[in-house]
Structures are given as structure tokens and as C-alpha cells.
Amino acid sequence: MTATTAARARRVTGGRHRAVHPRRARDSYALFLLPGALAFLAVVVVPFLMNAGVSLTEWHGVGSPEWTGLANYRALLDDTEFRESFRHSLFMVVAMAALPTALGLVLAAALFDHVGKHFGSRTAAVLRACFYLPQVLPVAVAGIVWSWILAPDDGSLNEFLRVVGLGSWRQDWLGDPDLALYSVMGVMVWVQLGFPLVVFMAGLERVDPQLYEAAELDGAGWWRRFVHITLPQIRPEIYVVLTWCTIAALKVFGAVYVLTKGGPGGATNVPSYFSFTTFFEKTQVGYGAAVSTVLTVIILALSLVGLRLQTRAEDAEEGPRP
């Protein structure tokens, strides 16, 4: 900068450096957050508060609600069907969170560390896309296809068992109360597996390749590299996947609605479907609102726990601050 230009700049600014005040900077950021905050308030907060208010009443969808206080919540404690629906949700958490996370970890590490090196990154990308495909399919479409596959008379699975000489294994997979829940769980593992796989493969991209090279030079096999390098390095992604998939499992509705409609005999009933039938079939709007309110609170609590664990994992990865 020449002396003339510097002098001109001093005249324009009055010879002082004009720094942006921190409060003014925060206010400008708040303007960008305002649309999202208003949308969140209108779409999430207000409906939840309205639903919580309805849960304190006895209402059949028409007429005036009758205030009952916490009577609906006290009734939930003694409702066997409600407790059974949450017990089924635990099975769904296994099928949609625990199993896909474990399988996704192993498959992602295998695709990244073995298939990518020996068969090329393009082959690994194609296989990753194949695993992710069920996530792209609409739940209704996937449910209808699987209902054809698991049909008792002419379903593909039973026909396959007959052709290979295992006809005695043929079952009414979705109509047997002892098998229906496990059949739905199998479908949900297939649907959910692609999401953890993609997230974990993305997380592996940021792991320093020199860690794997050093481990190979020390004679570490694939499993030891997986346990001592892969798992610690992608711990934040693991918490994200577990939190996301657990929430999806607790609020699962579409697959149950298409495959079994909560049957047979309530064997696959889950809280979201129980709330739906209470709302629209039994027209017990206040009681259904109480079910959905309890489910929302549980999901919110698990989300906060998951975010807390993720933050701790990220802080541990970054190390102590100077």
C-alpha cells in the first residue's frame, strides 16, 4: 500500500480501526437462524404442546373435550397392550439399531479395507450403493414386496424352501404370532442396514491411512486393525448412527402398517401404531395423545443422551485443549 493510499484510508476511517462489535455479530447470526426457529416452533413445538394438552382430556374427536388431568397417563400404567407395544419396540431397536450398526461396522470396514484395496474403489462403491438401495425405496413399496415374499401359500421364500427340499420349513411368516415379530425384524434389518454402512464408510475416509499401514507392518491382521483402529477412530459416527436408528425404531410405523397392521393378535403392535389405532379406530383421542406424548418424551430423552455421548466422543478425539 502506498503512502497516499494509506493516508486516504485513514481519512475515510477517521484514523481508527472499526471492529465489529461481538453483540452486533451475534444479532446478524440470529437473523439467519430466525426462519428455521420459526419453522421449528410452528411444526414441532406448537403441535407437541397441543397434543400434550389434548392428552389431559377425554375426547372422541367431536364435541368439547372433557378435562381429566393425568387420568390417561394413569391408565397407561395399567394398560397391558401399551406395555406390550413398548416391549415390541425393544425388539425393533435390536432390529433397526443394534444389528444394523454391528453389521454395518463390519461391512464398512471390509469394503473399505479389503474390497477397496483388492478390487478397486469402484467395486466398493457399487456394493455400497446396493446395500443402501433399501433406504431409497418407499416403505410402502418395500413392505408390499416383502409381503409377497413372505406370503404363506405362494410366497417366494416358501417356494424356495420347497424347491430345495426344505418344504417342512415353510411357515406363515407374517400370520403366525410366534414368527410375525421376528419376520418384521428381519425386514427392518434389510431396510436399515444401508444407512450405517454409508455413514461408517464416510467416517473411514477421515482415518489416517498411516495408522493401518503401521499396524500391517507390525503384523496386525484385519480383525485387530478393526478393533484397535477402526472402532476408536469412528466413535462419533457410531453414536450418531445408534441415536438416529434408535429413534427410527421407536417411531416405526409404515412397515408395521403395511406388513401386519399390528397383528396377528397384537404380536407386532408398536407404540406408534397403537397410538394410531387409538386415535382413528377407537376414537379415543385423548388417550392416543397420551401415548404419543410419552413416546415423544422418550425419544427426546434418548436424543439428548445420544448428543451428549457424541459430544464426549468428539472431545476425546480432539484431545485436551491447551
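Legend: helices of the chain (whole DSSP H runs) are marked when their alpha-carbon atoms reach 24 angstrom or more along the helix axis and their mean Kyte-Doolittle hydropathy is at least 0.0; marked are 22-40, 285-318. For the chain, the share of accessible area belonging to carbon and sulfur comes to 66 percent (1.4 Å probe, ligands and nucleic acids excluded).
Compute a Gaussian network model of the chain, connecting alpha carbons closer than 10 Å, and tell me which residue from 254, 265, 219 fluctuates the most. Evaluated over the chain, the most mobile residue of the options is 219. Using the Cβ-Cβ distance between residue 166 and residue 227 with R0 set to 35 Å, the FRET efficiency works out to roughly 0.45.
Kindly identify segment 120-164 as rounded, prolate or oblate by the Cα gyration tensor criterion: order the square roots of the eigenvalues as a ≥ b ≥ c, call it rounded if a/c is under 1.5, otherwise compare a/b with b/c, prolate if a/b is larger, else oblate.
oblate
Close amide-amide hydrogen proximity is noted between residue 58 and 66, 67, 68, each under 5 Å apart and 5 or more residues distant or on a separate chain (H modeled in the peptide plane; Pro and chain starts excluded).
For segment 36-115, the direction-averaged projected area of the alpha-carbon convex hull comes to 9.5 nm². Taking a straight line from the alpha carbon of residue 251, these lysines sit under 17 Å away, with near neighbours fewer than eight places off in the same chain left out: 261. Name the longest site-free stretch of the chain, where the excluded sites are GluC sites (Glu not before Pro) in a DSSP loop with no more than 10 other beta-carbon atoms within 10 Å. With GluC sites (Glu not before Pro) excluded where exposed in loops, the chain gives 1-204 as its longest stretch. Diffusion coefficient of segment 128-214 by Stokes-Einstein, Kirkwood radius over Cα pairs, 10 °C, 1.306 mPa s: 104 µm²/s.
Across segment 241-307, Cα pairs under 8 Å and at least six residues apart give a relative contact order of 33 percent.
Please report, to one decimal in angstroms, the Kirkwood hydrodynamic radius of the chain built from all distinct Cα-Cα pairs. Over the chain, the inverse of the mean reciprocal pair distance is 24.1 Å. Spin-label model, residue 102 to residue 41: label points 7 Å out along the Cα-to-beta-carbon direction sit 4.6 nm apart. Using the Kirkwood radius over C-alpha pairs as Rh, can you work out the diffusion coefficient of segment 203-283 via Stokes-Einstein at 20 °C, viscosity 1.002 mPa s, in µm² per second? Taking Rh from Cα pairs, D becomes 133 µm²/s.
A DSSP coil position with no more than 10 other Cβ atoms inside 10 Å describes the following trypsin sites (Lys or Arg not before Pro) in segment 183-251: 206.
Between residue 87 and residue 159, the simple label model (points 7 Å from Cα in the Cβ direction) yields a spacing of 3.7 nm. Computed over the chain, the per-residue total of -39500 (n - 2.57) for DSSP H runs of n ≥ 4 gives a 222 nm mean residue ellipticity of -20500 deg cm²/dmol, rounded to 500.
For the chain, the per residue solvent-accessible surface stands at 61 Å², with DNA, RNA and ligands left out and a 1.4 Å probe.
With N the number of residues in segment 59-99, Rg(Cα) / (2.2 N^0.38 Å) evaluates to 1.72. For the chain, averaging the sequence separation of C-alpha pairs within contact (under 8 Å, six or more residues apart) and dividing by the residue count gives a relative contact order of 26 percent.
The values are calculated or read from the model by the stated rules, or taken from the named source; none is laboratory data. Everything quoted here is computed from the prediction, not taken from an experiment. Note that we place each Cβ from the backbone using ideal geometry, even for glycine, and neighbour counts take in every protein chain shown. Just so you know, the surface numbers come from the protein's heavy atoms only, side chains and all, with ligands and any DNA or RNA stripped out. Shrake-Rupley method; radii C 1.70, N 1.55, O 1.52, S 1.80 Å.
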